[in-house]
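**Q** One structure is given below, represented as structure tokens, and several questions about it will come after.
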Amino acid sequence: MALNLNKDLKMFYSIGEVAAQFNVNETTLRYWEKEFPQLAPEKKGGVRRYSKADLEQVGLIHNLVKVRGLKIAAAREAMKKSRTKTVRRADIISRLMAVSSELKSLKAELDGLE
């Protein structure tokens, strides 16, 4: 299930939608909330509502912890020290993953032509 991050279409996302987008479980997202003060989705009636800004924070944390393999403490420190650098790296990695996916798709099409 892919999220449409166009803020004009949807202002908030449920914890289940965010978990699916980043391929983590809801428990992981709740844990990250405790460990990273930057991640603080709105809670309305006990239900978490993730904004686009919250999704960006989850993306940064996901990149540091799941993609780069940093421990929670190291990821927390990286976010404190050099947020701009962390954001740029996460953006570059995200774009590279999209390019890789596109290349794999093109290869599969080419293989099908033979």
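**Q** Going through segment 23-33 one residue at a time, which ones are closer than 21 Å to SER94 by Cβ and open to solvent by less than 40 Å² (accessible area, probe 1.4 Å)?
**A** Result: VAL24, THR28, LEU29, TRP32.
**Q** Taking into account only those residues within segment 34-56 that are among the aliphatic types (A, V, I, L, M) and surrounded by 16 or more Cβ atoms within 10 Å (Cβ to Cβ), which is nearest to ARG76 (Cα to Cα)?
**A** LEU39
**Q** Just give me the residues in segment 104-114 being of a type in the set (A, V, I, L, M) and open to solvent by 100 Å² or more (accessible area, probe 1.4 Å), in sequence order.
**A** Passing the criteria: LEU110, LEU113.
**Q** State whether the residues of segment 88-103 include one that is open to solvent by 80 Å² or more (accessible area, probe 1.4 Å), over 16 Å from LEU60 (Cβ atoms) and either in contact with a Pro (Cβ under 7 Å, 6 or more places away or on another chain) or at pLDDT 85 or above (or both).
**A** Taking every residue of segment 88-103 in turn, at least one turns out to be open to solvent by 80 Å² or more (accessible area, probe 1.4 Å), over 16 Å from LEU60 (Cβ atoms) and either in contact with a Pro (Cβ under 7 Å, 6 or more places away or on another chain) or at pLDDT 85 or above (or both).
**Q** Within segment 26-114, which helices (runs of 4 or more DSSP H) (wholly inside it) include 1 or more residues that are over 28 Å from MET11 (Cβ atoms)?
**A** Ranges flagged: 72-81, 83-113.
The values are calculated or read from the model by the stated rules, or taken from the named source; none is laboratory data. All values reported here derive from a predicted model rather than from experimental measurement. Don't worry about glycine lacking a Cβ; one is built from the backbone with ideal geometry, like all the others, and counts go over all protein chains shown. Ligands, DNA and RNA are excluded from the accessible area calculation, which covers all protein heavy atoms including side chains. Shrake-Rupley method; radii C 1.70, N 1.55, O 1.52, S 1.80 Å.
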